[in-house]
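K.L.:
Have a look at this one.
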Amino acid sequence: MSSTRDPRAELAQTDPEFGRLWQEHQARERRIEELRAKGWLTTEEEQEEKRLKKEKLHLKDLMEARMRKYPPQE
């Protein structure tokens, strides 16, 4: 039977570094959504969106690496 608990959210509660990475990832996601909600983007906004996507992916990679250090919870 699968659990509905999000292991990332749980790890964010117990691992301060993971929590920081999670918050930064979520902040970038919110800003990307703000940009997507606009009808059109300026050149600077397009560049910001690309930068944010790269940063978000890097943060995801760091979080995944950190998650591998912990055994899966059943």
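No value in this document is a laboratory result; all are computed from the given coordinates. Just so it is clear, the model here is predicted, and its values are computed rather than measured. Ideal geometry is used to build each Cβ from the backbone, glycine not excepted, and the neighbour counts take in all protein chains shown.
K.L.:
With the Cα gyration tensor of the chain in hand, convert its eigenvalues to equivalent ellipsoid semi-axes via √(5λ) and list them largest first in whole Å. Working shown, then result.
P.N.:
Numbers: eigenvalues 177, 35, 18 Å².
Largest first, the chain gives 30, 13, 9 Å.
K.L.:
Then there's this: Asp61: net charge of surrounding residues, Cβ under 12 Å, Lys/Arg +1, Asp/Glu -1, itself excluded? Display every interim value, and only then the final one.
P.N.:
Numbers: positive: Lys54, Lys56, Lys60, Arg66, Arg68; negative: Glu55, Glu64.
That sum, taken over residues with Cβ under 12 Å, equals +3.
K.L.:
What do you get for trypsin sites (Lys or Arg not before Pro) in region 1-71 restricted to DSSP loop and a cutoff of at most 10 other Cβ within 10 Å of the site's Cβ? Walk me through the numbers on the way to the answer.
P.N.:
Numbers: sites: Arg5, Arg8, Arg20, Arg28, Arg30, Arg31, Arg36, Lys38, Lys50, Arg51, Lys53, Lys54, Lys56, Lys60, Arg66, Arg68, Lys69; in loops: Arg5, Lys38, Arg68, Lys69.
Listed in order of number, the matching sites are Arg5, Lys38, Arg68, Lys69.
K.L.:
Within the chain, list the chymotrypsin sites (Phe, Trp or Tyr not before Pro) lying in a DSSP loop whose Cβ has at most 10 other Cβ atoms in a 10 Å radius.
P.N.:
Here the chymotrypsin sites (Phe, Trp or Tyr not before Pro) that fit, given the DSSP loop and packing criteria, are Trp40.
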